[in-house]
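The values are calculated or read from the model by the stated rules, or taken from the named source; none is laboratory data. Note that this is a predicted model, so its numbers are computed, not measured. Cβ placement follows ideal geometry from the backbone for every residue including glycine, while neighbour counts extend to all protein chains displayed. SASA here: full protein model, heavy atoms, side chains in, ligands and nucleic acids out. Shrake-Rupley method; radii C 1.70, N 1.55, O 1.52, S 1.80 Å.
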Amino acid sequence: IERGKNLAEFVENSQRYQAWLVKEYIQSIRMKKYKPLNGYFHFMFADCWPSITWSVMDHNRVPKLGYEALKIASQPLLPLFRPIISQFNPGDTLGWGQSLLESVLLINDYPHGFKGLKVEIKVVGPKEKEIYRDAKPCDVEADCIGKPFETNQRFAHIKGFAIPKNAKPGEYQVRVAVADRKGKKIAHNESS
């Protein structure tokens, strides 16, 4: 973790790292649902005195960046897109021979399924510029991990989404949102 030039920068850098780590760890556990893991316990939820620790809330119960990461990763219906690598160059393809939607996992911890969900995926660049969007309806079974759009075909028919050759350097996000039949957003996630 970069210390930064002052305490405020160190706090920001360390909280950003913790948020990333909490989210990635929990998502990794949830992807192994029942095989062999059945749950997780987040140690030290809140500080009991002013300090720099691994909690996600400070001693005044003010959320740190890790709190939102914990909240997102713990959604009972979790849409998940995880690129295999974290750094891409202009012209690189996301999705590894699949469309981005085919790469989406839906982890459903509810005891019931969902019919008629709409899953939307988009890529957003610096200054919130949207450079890609796709959406499709799907159903999700109860208590499962599913890839509702997977076709089991690779590379032959899909070119995937390629980062534009003129893409500016910076942080890009892949955002996935799930809406119910009425259009109400019921789950979301993003990866940088």
Only residues in the range 124-137 that are under 16 Å from P164 (Cβ atoms) count as the first member; pair them with residues that are open to solvent by less than 90 Å² (accessible area, probe 1.4 Å) and among the basic types (K, R), Cβ under 7 angstrom, at least 6 apart or cross-chain, and list the lot. V124/R175; E130/K122; Y132/K122; R133/K122
Being outside any loop (DSSP other than H, G, I, E, B) and open to solvent by less than 50 Å² (accessible area, probe 1.4 Å) is the filter; apply it to the range 145-176 and report the residue that is modelled with the highest pLDDT. V176
Here is a check on your reading of the model: is M31 modelled with pLDDT under 95, in contact with a Phe, Trp or Tyr (Cβ under 6 Å, 6 or more places away or on another chain) and not charged (D, E, K, R)? no
Out of the range 68-86, which residues are out of contact with any helix residue (DSSP H, G or I) (no Cβ under 8 Å at 6 or more places or on another chain) and crowded, with 19+ Cβ neighbours inside 10 Å? P79
Filter result for I1 (assigned to a loop (DSSP other than H, G, I, E, B), touching a residue at least 40 places away in the same chain (Cβ under 8 Å), open to solvent by 80 Å² or more (accessible area, probe 1.4 Å) and not basic (K, R)): no
Among residues of the range 4-36 being open to solvent by 50 Å² or more (accessible area, probe 1.4 Å) and charged (D, E, K, R), the residue farthest from I72 (Cα to Cα) is K5
Taking the range 117-141 and the residues there that are among the β-branched types (V, I, T) and open to solvent by less than 40 Å² (accessible area, probe 1.4 Å), the one that is nearest to L100 (Cα to Cα) would be I121
Would you check if K71 is without any contact (Cβ under 8 Å) to a residue 12 or more places away in the chain, in contact with a Gly (Cβ under 9 Å, 6 or more places away or on another chain) and among the basic types (K, R)? no
Looking at the range 94-116, is at least one residue more than 18 Å from A179 (Cα to Cα) and aliphatic (A, V, I, L, M)? yes
Check the range 120-127 and report whether any residue there is in contact with a helix residue (DSSP H, G or I) (Cβ under 8 Å, 6 or more places away or on another chain) and among the aliphatic types (A, V, I, L, M). yes
